[in-house]
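The values are calculated or read from the model by the stated rules, or taken from the named source; none is laboratory data. For clarity, every value in this text was computed on a predicted model and none was experimentally measured. Cβ placement follows ideal geometry from the backbone for every residue including glycine, while neighbour counts extend to all protein chains displayed.
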Amino acid sequence: INDLSDASAPPPERKKRIGILTSGGDSSGMNAAVRSITRVALQKGCIPYAIYEGYQGLVDGGQYIKELGWEDVRGLLSVGGTSIGTARCSDFRQREGRVRGAYNLISNGIDALVVIGGDGSLTGADMLRAEWSGLVDELIATKKVTAEECEHLREDLTIVGLVGSIDNDMAMTDITIGAVTSLHRICEAVDNLTSTALSHQRAFVIEVMGRHCGWLGLMAGIAVGADWVFLPERPPPLNETKYGDDWETEMCDIVKKYRALGNRKTLVIVCEGAIDRNLKPIKSDYVQKVLTDRLHLDTRVTCLGHVQRGGTACAYDRFLATVQGVEAVEAVLRSKPGVPAPMIGNSHNKMTCTPLMEAVKLTHAVAEAIAQKDFGRAMEMRDPEFTALYDAFLHSTIYTFEKNEFKVAPGSPAGEDGGLRVGIIHTGAPAGGMNAATRIAARLCLNRGHVPIGIRNGFSGLIKDEVFPFEWQHTVGWQVRGGSELGTNRDHPQPLPGGPKIAPKGDGGFVDLGLVAYHLQKHNIQALLIIGGFEAYTAQLTMTHARSTFPAFCIPMVMLPATVSNNVPGTDYSVGSDTALNVIVEACDRIKLSANASRNRVFVVEVQGGSCGYLATLGGLTTGATTVYIPEEGINISTLQEDIQLLCRRYTDEIRRGIPNEGRVILRSEMASSTYTTEVISKILRAEGKGLFDSRTAVLGHLQQGGVPSPLDRIRATRLAVNCITWLETAARESRAAANHTLPSIYTTRDAHSCTIGIVGAEIVFTPVVESYKDADVKTRRETKPAWWRPFTHLIKVLSKYEYRDDEF
Ligand code: ATP
């Protein structure tokens, strides 16, 4: 991305021509990739070409191969599927078809091909590359092309692969373009089914895609709170010793247990490739029959089918496809003859470039392991997160509803059976996923013999004794609910003198720290899970600092970051930020439509985030904003002037070239500047547009806290909550060991026993709050070191501020 800054460098002698094709099943986000490849290619002095209808267009050539201009990819971010078309092409599987494809590439002067598709498409691309010199020789020998025509292409054809697949079944990448959008569609559908299931006390068997990969099924199971999931890599029964091959009885036992607890609905997710241990397919109709015959449940089957493919891409897929598109162009430019074709992937939140065929081989190896009934190996070959999330799913079901061996100390004042009394509290503004995190934390505690204690209405609720022990049924349906079921506010424990310098924010006030300690002690809270944003962080910091004064704080404490602002130290993502981002994307898509209809309107859209520009930056990147204003960079008169000049140039250029003016959006973080407010910027734009363009404002406000949490937030919440409870258990064990009879059974003053949990890359990381405090600015409420997403402000400009060179008119 940094290299893009040298876009002004002299273009290479012969402009590289890059063909772009989408192939196999369509997936949302393919368009975002085409857009970013096209624009970055143009910025880099290359010529992008669309190859329409996948490999069929390559084989047929002619009108199916067209040069792409900057405007051709306008508005593509919000369009689902692939606008350049895709196909399954049998011709290309034959050498004859590939000879014709090679001819069409050479005759158009195309010397690099970016293929966006699944493993089949990437295999086809690699085959073309492997055969390339033979194909060229044949074309020369049959006089279809001259040696001069293909001089620059003689040795090698540059191929780069991007994985567009809703199944997320490709090895060597954590995630594929389109999978998360597909998950959105599944969750929307199942959330809607849930209300009718509850009304009629029905069971629903929902069939989702996934021939060899259970990613969609598992993630959907976690996100919607399914009773059971059938995956290709993990055939039932789970308890082979007890059930042998009889998964039907195992499933019925689970469903019965749920129903006995008072559940009015049953949700079973079946992947299309689900099998039993003998490789016999498990079909939805059969599951329906089992539930109807054995449990007499009114059971319906819903096959979601192609609904899962479609629709506008979610924020995550737009982001992934955009940044991978940039990397694809970079990979084309640095490619060398003889080096294996790369596949752009994503590992631990970082872009990867791995040999394409290795990834394809490993992908096939999973299918082979399943075919050989080596299910353990099939699970191992998925990324470690898959297994971790599978375990998390089991924890959220009653499958493990048997108390484990966790004991604090014989005769200790702990919970029943020696489990821990774990307090769960929400603090700060609500964020999508807080409830999902609470649900899984409470259920996991119950599964493991602890006593989860719900604390209502934050710290002010605690000191009013608004405290209750969670039961299993308390959290039914919480995974899909927005806001905070426990209740949350900005009231904050008042720091002791010498403690962190914190002032309550907004409508929050200080709560007496001694009273907080007293009530924790009164309710015998032995471990504390705090779910919230920066307030949660500073509250934990305050209590940790006061440990020497109040022994009640000498317990393991962990904070689970949940805030739309994504500003908590020690994590790349906080729960709630993805929900907010999707709200911004949806709103900006609508605003852009309105702006486009008026042709020359620039909307200044104000987004939340406090002093952190995450939402504005990622929102800008995923909605195709012209620019963003964030607190980290501020706004000054010269940046405004530069942006106004750019807008004037763009609108004039469009009129001059006879193309419709585009409506544009600029995203401004709510605290980007106290002088240049959203209204002021809009007024300046209106005045300076001088009729060339107009301006309006839109303030998204609290809408961004979201209604229904996004699937990613529900999944992140689940994963983080499971890890928090496990961590609290470990810290409690260590604290118990250190305690002596004069102290409470759980007692710790160790910094390492007061942590925030975070997602760093793809890893779960625990950071002591006293340590992350060194990098935290409690005044601006963000980290002092630059965040991982900061370089994307530059990319937004690259993708929107293309400067026409005179010779192009
Ligand atoms: P999805 O994950 O949606 O199924 P895919 O890319 O795996 O996507 P396929 O139908 O397997 O979808 O492949 C798409 C196209 O790639 C095929 O129609 C064919 O044109 C080409 N292709 C696939 N495998 C090969 C191969 N072994 N040799 C040549 N071309 C191939």
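Assess whether residue 173 counts as being in contact (Cβ under 8 Å) with a residue 40 or more places away in the chain, outside any strand (DSSP E or B), more than 30 Å from residue 264 (Cα to Cα) and of a type in the set (Ser, Thr, Tyr). The answer is yes for residue 173.
Among the residues of segment 652-709, those that are in contact with an Asp or Glu (Cβ under 9 Å, 6 or more places away or on another chain) and within 30 Å of residue 481 (Cβ to Cβ) comprise 667, 669, 670, 698, 699, 700, 701, 706, 708, 709. The residues of segment 34-57 that are in contact with a strand residue (DSSP E or B) (Cβ under 8 Å, 6 or more places away or on another chain), over 16 Å from residue 162 (Cβ atoms) and within 16 Å of the ligand (Cβ to nearest atom), listed by number, are 52, 57. Filtering segment 1-38 to residues that are at pLDDT 95 or above and part of a helix (DSSP H, G or I) leaves 30, 31, 32, 33, 34, 35, 36, 37, 38.
How about segment 40-53: which of its residues are assigned to a helix (DSSP H, G or I) and surrounded by fewer than 24 Cβ atoms within 10 Å (Cβ to Cβ)? If the condition is that a residue be assigned to a helix (DSSP H, G or I) and surrounded by fewer than 24 Cβ atoms within 10 Å (Cβ to Cβ), then 42, 43 are the ones that fit. Do we find that residue 129 is within 20 Å of residue 361 (Cα to Cα), more than 10 Å from the ligand (Cβ to nearest atom), surrounded by fewer than 21 Cβ atoms within 10 Å (Cβ to Cβ) and at pLDDT 90 or above in this structure? The answer is yes for residue 129. Selection of segment 209-244 for residues being part of a loop (DSSP other than H, G, I, E, B) and within 20 Å of residue 197 (Cα to Cα) yields 225, 226, 227.
For segment 298-311, a tally of residues being touching a helix residue (DSSP H, G or I) at 6+ places or on another chain (Cβ under 7 Å) and either outside any loop (DSSP other than H, G, I, E, B) or at pLDDT 95 or above (or both) returns 6. Taking the listed residues 283, 289, the one that is buried (at least 16 other Cβ atoms within 10 Å of the Cβ), basic (Lys, Arg), at pLDDT 95 or above and out of contact with any strand residue (DSSP E or B) (no Cβ under 7 Å at 6 or more places or on another chain) is 283, with no other qualifying. Summed over segment 704-721, the residues that are part of a helix (DSSP H, G or I) and surrounded by 24 or more Cβ atoms within 10 Å (Cβ to Cβ) give a count of 11.
Contact annotation: residue pairs with Cβ atoms under 8 Å, 6 or more positions apart or on different chains, pairing a residue in segment 706-720 that is under 18 Å from residue 192 (Cβ atoms) with a partner that is among the charged types (D, E, K, R) and part of a loop (DSSP other than H, G, I, E, B), are 708/481; 709/481. The residue that is farthest from residue 74 (Cα to Cα), counting only those in segment 14-33 that are in contact (Cβ under 8 Å) with a residue 40 or more places away in the chain and either among the acidic types (Asp, Glu) or away from the ligand (no atom under 16 Å from the Cβ) (or both), is 14. If you filter segment 71-86 down to residues that are away from the ligand (no atom under 16 Å from the Cβ) and more than 25 Å from the chain's Cα centre (by Cα), you find that the one that is modelled with the highest pLDDT is 72.
Scanning segment 87-126 for residues that are under 30 Å from residue 593 (Cα atoms) and either within 7 Å of the ligand (Cβ to nearest atom) or at pLDDT below 95 (or both) turns up 87, 117. As for segment 363-371, it holds no residue that is modelled with pLDDT under 85, surrounded by 18 or more Cβ atoms within 10 Å (Cβ to Cβ) and either over 23 Å from the mean Cα position of the chain (by Cα) or more than 18 Å from residue 475 (Cβ to Cβ) (or both). Which residue is surrounded by the most Cβ atoms within 10 Å (Cβ to Cβ), if the candidates are limited to segment 630-649 and must be charged (D, E, K, R) and more than 14 Å from residue 690 (Cα to Cα)? Of everything passing the filter in segment 630-649, 643 is surrounded by the most Cβ atoms within 10 Å (Cβ to Cβ).
Residues in segment 61-70: is at least one more than 12 Å from the ligand (Cβ to nearest atom), crowded, with 24+ Cβ neighbours inside 10 Å and at pLDDT 95 or above? Looking for residues that are more than 12 Å from the ligand (Cβ to nearest atom), crowded, with 24+ Cβ neighbours inside 10 Å and at pLDDT 95 or above, one finds none in segment 61-70, hence no.
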